[in-house]
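See below for the structure under consideration.
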Amino acid sequence: FFLVAQKCLDQISDLILEEIPKAEYASLLNDYVESEFFLIDGDSLFITCISEEKLQLGQNLHFFYIMERFLLDLTSKGGKYVIVFFKDAEHVYLSHPHLLSLRTTMILHLQNNTDIPIYTEFSNCLEHEWQLFLKDRYPYFLIVSDEGLNKSQTNFINILIIHALSKSINVVLTSGQESDTIRVYGYLIHSIHKNYIRLVLCAVTCSLGLQMYREKFKKKFGTKENRELTLQEATDLIRMYCLSVVFLSHLSLSQRAQVRLINSDWNKEVFTFIQWVSITFSFSLFFSSWEVDLTHLPDLSDNLLWKNVAHYCEVENDQDKKTKDLSIAAQMMRMIHVLIGKHQELLQKHHLKKLAKCLQYLGFENLAYTLSTQITESDNEKIAKYSVEMGAARFQLQCMGHYLFRDERSDPDPRVQHFIPDTWQRELLDVVDNNESALIVAPTSSGKTYASYYCMEKVLRESNEGVVVYVSPTKALVNQVVGTIYNRFTKKLPHGLVVCGVFTRDYRHDTMNCQILVTVPQCLEILLLSPHRQEWVKKIKYVIFDEVHCLGGEIGAEVWEHLLVMIRCPFLALSVTISNPEHLTDWLQSVKRYWQNAESTMEEIPNSFTTARKGTRKAKIQNTKKKSYTVKLVLYGERYNDLEKYVCSLKDDSFIIDHYHPCAALTVSHIENYGIPSDIAFSPRESIQLYDTMVKVWQEWPRVQELDPEEFVYFKNKIIITKADARKYEQELKKELTVWISLGQSEKVTKMETAAQNIFRNVKKKQMSKQDPNTEREIRTLEEKLRKYDKIFEKCLTPYQRKGMLQKKLARRGIGYHHASMAYKERQVVEMLFRMGYIRVVTATGSLALGINMPCKSVVFNEDSVFLDALNYRQMSGRAGRRGQDVLGSVFFYDIPLPKVEKLIKSNVPQLKGQFPLSISLILRLMLLAAKADDKLDARAKVLSVLSHSLMTFKQPKIEEMLKIYFIFSLQFLVKEGYLDEEGNPMGFTGLVTHLHYHEPSNFVLVSFLTKGLLHKLCQPIEKGSTVFSEDVMETLVLVLANLFGRKYLPACTTEFKGTFSQSKVFLDDLPEDFAAAVHEYNSKIEKNFGCFLLTTTKLADMEQEYQLPLSRTDFTGKNDDPSELTSHLMNSNKNITAVSPFACLSGMMDEDLFSAQNINKAVLRTIGVNAKNATLLWLKKYDYAERRMPLNAYALDFYKHGSLIALTRDNWYIHIKFINFSVFIYRISLGELCDDENDNVVLAFKQLSKGYAARLHPV
């Protein structure tokens, strides 16, 4: 038995090792108001902290410091979690009494001294109570270790991991977990969905059985044989069979034993069909390879249960109550609204009398008499026929809420030709006319982008020299905006000038000679920091930042920040939603005040470039308005159309869609702590549903009459209820809901392309079923003729061309797909055809989240993802129900857990806090700008603005002081390494380093390789005078570049993977010795410089907090009384511990330890706000908490060797070839531009490498 159990545990371990390499390194907490609720395995937390290398045995206080710092990292970033200690896990520590006592102390400390919920009542993860807990709380992920202190504990953890994955709970490993200023990152393993043989076999059997019966039925169609079941009858019987199979999964054996006996037997026609089903059942079972759970193999069907279900559906459930269709009444009432609301001055008395009769027939007697008092008699027969059997106010809200009139202005604005703008839109136009700046926060589809095009029109109208820059977060949005500009604007310009230009990292066109430049943030930053582009920069009249909330993103956020502080002109910053718009506006206003002072200072300095330029062009600018430095905040929270949510599920053989009321996402604690989120809006019918539920829950509710729709002050006796009236009713109900809680009534409130092809097949099947038989025969004949030519043609196609044919085939059926890995033109075609209405269904990833104009009626979220957060949900759901195209938008959730749906609906978006703004590469770029720019005063003003206006330091003087010190030490490093002279002027390889600034610290290491001659030593041709390099040289060069620019770490335990790799090596080899020595030398210099920086920032630490445990705030300051002789003997006065946490000092750590980067996060004073990520180190070897080495993925080198994308996906668990190819191309160009000798061996080697990658990429 022991051997069998051990074999089972080994198999579980192997299964986990197969899943761990597929783990996704991602941000774990997505800044929800209520962040993703998750679990922490208490023993995994204990293992992680006790395994800390610097922790000395017996220093328990240091252990608790490590543990609380780990938890504080999660708590301070918004994490909501509970910690679970299983009882059975105690047995592991029986042979280690000191660990058992420490674990017990840890549990008691967390229970008594922190607010974290601690659960200790569960024995293990297999007991029933634990299953109920998971079902009730549904955690998004479980943080757990992948290795225990011994084999027994590792097995226990493995069972916990596999159980969590089987319950659709993601797993996050403690190994490799890291954090920066505002985020926590870790390896996330996605859950495994279990297959059930009953359901799988049922689906296959029924599908195959019906298909075979259909073919048989068609052959016998029209014959005089005995009657058999029609196709519809057979389909209905199969539905009953599926329902009985579903019951098998939910009914216990004792319940099934009590199923009643049905006397009637299957008749002859039914029995014949059942025989067909039995044949297909046997075929499906024995001739298929099932990778499903075979637990219930002996119990796959139950004929008696099937009979009962069929009998119930046929005989006992034929009592469907017919409900009155109110759609005609809604259309009639809508016409009454139009006639009275928009044409009342044309209506005469006899018209009003007819309208009053219509209202009377609908049952709205009170409204009829308010319209006309000449109604003499009632037609009871017509009233009984047409009455809606509810009050007028309820009917308008419940049945025609999406048709209610909006408060729209009727007075045109001469500045706008094609529509009448709302009041808030006119405010935006005024901002542009006054040359002011504005932060605009408004929902998707509200019309905020129109101000951008008005701004462009204004600049085009004023002169031929002014420039507007449109900053887009993605290249996809760049393409769309450029197309819109070409359609909107035409202008005759002098020779050499054009209206629109583009600048992205892989494409540029008319960048310097256009009046409207559409670009991405990184490219505009290049222009603003380029010393020789400052004359062009001064032409910029306006900058438009679309999706400015990217300022809080994970990648490139600091670039948005740099742009906002460097531009001198006015700007428009557009966003769907921002949690702290007032804070952001205050920061932006402080930046504008800086520029106001800086520009006035520059104008006062005689003979400056700015003053001279202003004087020479005085005549040209005297008619322009005075420059404004005001930043306005424009908030607009209303959607023009309502958005209703639905949850989709499979029930029996039907696809069920249930309406999801927004209040279902709210909890009492959420409303108490955060209130009802401002962007949760109800449609009118949802307001009625809320009122009805409140009445049902609290029958003695004091305001029940007052808030009755027929008695509500804004509805009473009103023929036309407007959307504004409905919104007031909604607000009143929300207010009342909050009051209930305050009064103690809280208990009363209590994959892309495959998907597209599946849709294609379903649509095609439906269409073919409606075709004439002769048409189908003709099509089949034609297809047979063409098939021979298609096969010959396809042999000549590349995979890329075949993919294009698939897209074309899908598009003809009105279907498309959209994702980031598609070629630019492929995406562009899908976007264009969708907007034109030819494509009606698009399956997409998050590539459509940011700003792409693809209006649709409905949005479906299919499957959960770590990237589906509150921001992406709002971006994507906003596509539904666009103004002027739909009266109502719909959002559907399919295969997404309800707890996740709740969080998406009620959670707020991230607050924009700012990233760590500086890096050594950025500082070098700023120094280059200050030294080389033509206008030195302007350049220095830009540099000072970037250095002194970080969003992270806004109203945070200590952080600002810390950044000043960081800047000084960065300059010191750059001077020592020969990038700057003592006057701060750039020299040496500054150009190459700044050109590759995206890849810090690899850019500095690459220069180190060049200056030491390592690359030239490596890149030796096969013979003297040749320009060809051997494959060994190329592979070594790829190895070096992969260690620099293709770094993707794998979890440490992947090295224990027992499987075999077909073609790839998977784990990247270390750098050659001479290259590794150069990296080590570089790291030593960085560590020394950064260590000195940490020692200098000690004065900024809050020492009162440093003597407290981070989370519980337990104070250990004590009193420093005069030491006794014994105390003096115990103390070591020579220990330097000024910058090290006093808790870390207990294990012997000192200031010298800060000069080793791997100790920084463990030892440094935490209130300084700095961690090892701020040091530009290139780790030669990286280790997790247990000092296990984390290997690098060799995907780049493996692909270069075998060129197989399939092998790369199967063996390396990774696809990222486009990045490598692009990187090699950039490096080749960079070296080619900066090297005087075109025939330099390094340049030639890079060219050969780039061609080699291109040749391998072409077939795939």
For this session: Go through the residues of the range 80-95 one by one and say whether even a single one is assigned to a loop (DSSP other than H, G, I, E, B), crowded, with 18+ Cβ neighbours inside 10 Å and touching a Ser or Thr at 6+ places or on another chain (Cβ under 9 Å).
Result: yes
For this session: Could you tell me whether Ser1133 is surrounded by fewer than 17 Cβ atoms within 10 Å (Cβ to Cβ), assigned to a helix (DSSP H, G or I), of a type in the set (Ser, Thr, Tyr) and modelled with pLDDT under 90?
Result: no
Problem set entry | Hits in the range 811-839 (condition: open to solvent by less than 70 Å² (accessible area, probe 1.4 Å) and assigned to a loop (DSSP other than H, G, I, E, B)) | Gly814, His819, Met822, Ala823, Gly837, Ile839
For this session: Sort out which residues of the range 459-476 are farther than 17 Å from Pro521 by Cβ, in contact with a Phe, Trp or Tyr (Cβ under 8 Å, 6 or more places away or on another chain) and open to solvent by 10 Å² or more (accessible area, probe 1.4 Å), and write them in order of number.
Result: Leu460
For this session: Kindly indicate whether any position in the range 903-923 is open to solvent by 20 Å² or more (accessible area, probe 1.4 Å), in a helix (DSSP H, G or I) and not hydroxyl-bearing (Ser, Thr, Tyr).
Result: yes
For this session: Return yes or no: is Ser145 among the small types (Gly, Ala, Ser) and open to solvent by less than 10 Å² (accessible area, probe 1.4 Å)?
Result: yes
For this session: Would you mind stating whether Met952 is of a type outside the set (Phe, Trp, Tyr) and not in a loop (DSSP other than H, G, I, E, B)?
Result: no
Seminar exercise, completed: Reported set for the range 120-151 where residues are among the basic types (Lys, Arg) and within 25 Å of Gly176 (Cα to Cα) is Lys151
Exercise. Which ones in the range 709-733 are among the charged types (D, E, K, R), open to solvent by 20 Å² or more (accessible area, probe 1.4 Å) and within 41 Å of the chain's Cα centre (by Cα)?
Worked result: Arg727, Lys728, Glu732
Seminar exercise, completed: Residues of the range 714-771 being at pLDDT below 55, farther than 30 Å from Thr845 by Cβ and touching a Leu at 6+ places or on another chain (Cβ under 8 Å), in sequence order, are none
Exercise. Tell me, which residue of the range 364-414 that is open to solvent by 90 Å² or more (accessible area, probe 1.4 Å) and among the hydroxyl-bearing types (Ser, Thr, Tyr) is modelled with the lowest pLDDT?
Worked result: Thr376
For this session: Tally the residues that are more than 17 Å from Cys569 (Cα to Cα) and not charged (D, E, K, R), restricting the search to the range 465-483.
Result: 11
Problem set entry | Filter result (among the aliphatic types (A, V, I, L, M), in contact with a strand residue (DSSP E or B) (Cβ under 6 Å, 6 or more places away or on another chain) and either under 22 Å from Cys523 (Cα atoms) or surrounded by fewer than 20 Cβ atoms within 10 Å (Cβ to Cβ) (or both)) within the range 555-591 | Ile567, Leu572, Ala573, Leu574, Leu588
Exercise. Would the range 46-64 turn up any residue that is part of a loop (DSSP other than H, G, I, E, B), under 30 Å from the mean Cα position of the chain (by Cα) and under 30 Å from Gly1169 (Cβ atoms)?
Worked result: no
Seminar exercise, completed: Among the residues of the range 841-891, the number that are among the charged types (D, E, K, R) and modelled with pLDDT of 85 or more is 1
Exercise. Any residue in the range 1019-1029 that is open to solvent by 30 Å² or more (accessible area, probe 1.4 Å), touching an Asp or Glu at 6+ places or on another chain (Cβ under 9 Å) and among the basic types (Lys, Arg)?
Worked result: no
For this session: Only residues that are part of a strand (DSSP E or B) and open to solvent by 60 Å² or more (accessible area, probe 1.4 Å): list them for the range 631-660, please.
Result: Lys632, Leu635, Leu650, Lys651, Phe655, Ile657, Asp658
For this session: Look at the range 417-456 and say how many of its residues are crowded, with 16+ Cβ neighbours inside 10 Å and over 20 Å from Arg406 (Cα atoms).
Result: 18
For this session: Looking only at the range 370-383, decide whether some residue is within 46 Å of the chain's Cα centre (by Cα) and in a helix (DSSP H, G or I).
Result: no
Seminar exercise, completed: Residue hits (the range 948-1000; in contact with a Pro (Cβ under 8 Å, 6 or more places away or on another chain) and within 18 Å of Asn1089 (Cα to Cα)) are Leu963, Tyr979, Leu980
For this session: Determine if the range 661-678 includes at least one residue that is surrounded by 14 or more Cβ atoms within 10 Å (Cβ to Cβ), of a type in the set (Phe, Trp, Tyr) and in contact with a helix residue (DSSP H, G or I) (Cβ under 6 Å, 6 or more places away or on another chain).
Result: no
Exercise. Looking at (1) part of a helix (DSSP H, G or I); (2) at pLDDT below 90, which is the one condition that is false for Lys458?
Worked result: (2)
For this session: State whether the residues of the range 486-509 include one that is in contact with a Phe, Trp or Tyr (Cβ under 9 Å, 6 or more places away or on another chain), of a type in the set (Phe, Trp, Tyr) and in a loop (DSSP other than H, G, I, E, B).
Result: yes
Exercise. Given Lys135, Lys87, which one is basic (Lys, Arg) and within 27 Å of the chain's Cα centre (by Cα)?
Worked result: Lys135
For this session: Filter the range 327-354 down to residues that are closer than 20 Å to Asn380 by Cβ and of a type in the set (A, V, I, L, M, F, W, C), then give me how many there are.
Result: 3
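The values are calculated or read from the model by the stated rules, or taken from the named source; none is laboratory data. In this text the structure is predicted, and so the values were computed from the model without any measurement. Counting neighbours? That spans all protein chains shown, and the Cβs are built from the backbone with ideal geometry, glycine included. Keep in mind that these areas ignore ligands, DNA and RNA; they rest on the heavy atoms of the full protein, side chains included. Shrake-Rupley method; radii C 1.70, N 1.55, O 1.52, S 1.80 Å.
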